[in-house]
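The values are calculated or read from the model by the stated rules, or taken from the named source; none is laboratory data. Remember, it's a predicted structure, so these values are computed and weren't measured experimentally. Because the Cβ atoms are built from the backbone with ideal geometry, glycine has one as well, and the counts that use them run over all protein chains shown.
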Amino acid sequence: MPGYVSVGTGAALPLPAGEWITLDWDREYSDAAGQHVDQGGPSVLAGPARYSLTVALDVRGLPAGTRGQVRAIEVDADDTSRFESGPVLDFAVTGGDAALLYAVAAGALADGRRLRVQVLQSGDTAGTVGGGAKVLFWR
């Protein structure tokens with residue numbers, strides 16, 4: 001039986017233009033194994049583990065046509081400036097908002113690594129982003 005983590009952003013987070021933003025998860029809905037190691041921070045899973053990740057996000061307040069990206073990253077727990085990027089999802093905003101579903105069907109997180117989610121938008125104005133992440137993981 002896999003372990004399960006479910007986290008969310010309690011409020012919409014600022015999404016400035018041209019900058020990768022690491023999402024902070026301040027709502028913890030399920031984490032029986034204590035994997036959301038920083039209790040309200042950006043990491044949704046601590047390695048070592050195999051995992052499946054699903055993230056649902058709402059991007060709001062951007063002009064129609066604004067383009068952006070979502071990605072998962074695996075950071076080094078001792079130096080979070082060192083990371084590797086997972087698959088990237090490209091998106092375009094229509095009507096000022098975008099509802100996004102990002103998924104990594106299967107991934108492996110090494111010991112000493114943490115799983116995080118980032119969003120980038122390339123418009124001229126700031127918007128907001130919020131949502132939730134769910135992780136199934138196996139040791």
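Annotations for the structure displayed:
- Taken over segment 80-128, residues that are of a type in the set (D, E) and farther than 25 Å from P14 by Cβ amount to 2.
- Pair list, Cβ under 7 Å, 6 or more apart: segment 98-114 residue in contact (Cβ under 8 Å) with a residue 40 or more places away in the chain and over 15 Å from Q69 (Cβ atoms), other residue in a strand (DSSP E or B) and among the aromatic types (F, W, Y): G107/Y51; L109/Y51
Yes or no, residue by residue, for (1) at pLDDT below 95; (2) in contact with a Lys or Arg (Cβ under 9 Å, 6 or more places away or on another chain):
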| position | (1), (2) |
| --- | --- |
| I73 | no, yes |
| R82 | yes, no |
| D97 | yes, yes |
| D111 | no, no |
| Q118 | no, yes |
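- Per-region count, segment 1-39, residues farther than 22 Å from G95 by Cα and crowded, with 20+ Cβ neighbours inside 10 Å: 6
- Residue count for segment 40-64, restricted to those that are of a type outside the set (D, E, K, R), surrounded by fewer than 20 Cβ atoms within 10 Å (Cβ to Cβ), more than 20 Å from L13 (Cβ to Cβ) and modelled with pLDDT of 95 or more: 2
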